[in-house]
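Chemist: First the structure, then my questions, so here it is.
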Amino acid sequence: MLLGPSLAVSAVLFTLGVAGVLLRRNAIVIFMCVELMLNAVNLAFIAFSRWRGTLDGQVLVFFVLTVAAAEAAVGLAIIIAAQRNRDTLDVDSFNLLKW
């Protein structure tokens, strides 16, 4: 596996995720873009791990995936609760923490 193409794909995925977070207003789409950014970083970790010939990056990916699964469960629960309260997924209308 070549390092350059893997990092290029990782950079493209991360850029798409950042663009989705900054440009979209739907909470579910923003959530999916954050997951896309996490997977892009995981791809970079795996590429560097394979390039160096160690398992350090792969172990780190295991921990990142574990945290991402927990984040997905909690984040989706928060999004569903906010959607039930406001009847919309537009993040501009989520002002639940304001007084």
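The values are calculated or read from the model by the stated rules, or taken from the named source; none is laboratory data. All of these numbers come straight from a predicted model, not from anything done at the bench. Note: ideal-geometry Cβ built from the backbone for every residue, glycine included; neighbour counts use all protein chains shown. Calculation scope for accessible area: heavy atoms of the full protein, side chains included, ligands and nucleic acids excluded. Shrake-Rupley method; radii C 1.70, N 1.55, O 1.52, S 1.80 Å.
Chemist: Would you confirm, using the coordinates I've provided, whether PHE31 is open to solvent by 60 Å² or more (accessible area, probe 1.4 Å), of a type in the set (Phe, Trp, Tyr) and at pLDDT 90 or above?
Modeler: On the way: open to solvent by 60 Å² or more (accessible area, probe 1.4 Å): no; of a type in the set (Phe, Trp, Tyr): yes; at pLDDT 90 or above: yes.
In short, no.
Chemist: Moving to a separate point now. Take ILE78 and tell me if it is touching a residue at least 60 places away in the same chain (Cβ under 8 Å), of a type in the set (Val, Ile, Thr), over 30 Å from LEU3 (Cβ atoms) and surrounded by 13 or more Cβ atoms within 10 Å (Cβ to Cβ).
Modeler: Spelling it out, it is not the case that ILE78 is touching a residue at least 60 places away in the same chain (Cβ under 8 Å), of a type in the set (Val, Ile, Thr), over 30 Å from LEU3 (Cβ atoms) and surrounded by 13 or more Cβ atoms within 10 Å (Cβ to Cβ).
Chemist: Still on this structure, please answer the following. Consider ASN42 carefully, then state whether it is within 14 Å of the chain's Cα centre (by Cα) and among the polar types (S, T, N, Q). It would help to see each step written out before you state the result.
Modeler: Working: within 14 Å of the chain's Cα centre (by Cα): yes; among the polar types (S, T, N, Q): yes.
The answer is yes for ASN42.
Chemist: Here is a further query. Tally up the residues in the range 35-71 that are open to solvent by less than 60 Å² (accessible area, probe 1.4 Å) and in contact (Cβ under 8 Å) with a residue 40 or more places away in the chain, please.
Modeler: Qualifying residue count for the region: 2.
Chemist: OK, next. I need the full set of residues from the range 13-28 which are touching a residue at least 40 places away in the same chain (Cβ under 8 Å) and either surrounded by 16 or more Cβ atoms within 10 Å (Cβ to Cβ) or not basic (Lys, Arg) (or both), in order please.
Modeler: Step one: list which residues in the range 13-28 are touching a residue at least 40 places away in the same chain (Cβ under 8 Å), which gives 25-28.
Hits for the range 13-28 are ASN26, ALA27, ILE28.
Chemist: Follow-up question, since we're still on this one. In the range 81-99, how many residues are in a loop (DSSP other than H, G, I, E, B) and open to solvent by less than 70 Å² (accessible area, probe 1.4 Å)?
Modeler: Just the residues of the range 81-99 that are in a loop (DSSP other than H, G, I, E, B), to begin with: 87-89, 94-99.
If we keep only those that are open to solvent by less than 70 Å² (accessible area, probe 1.4 Å) too, we end up with 88-89, 94-95.
Matching residues across the range 81-99 total 4.
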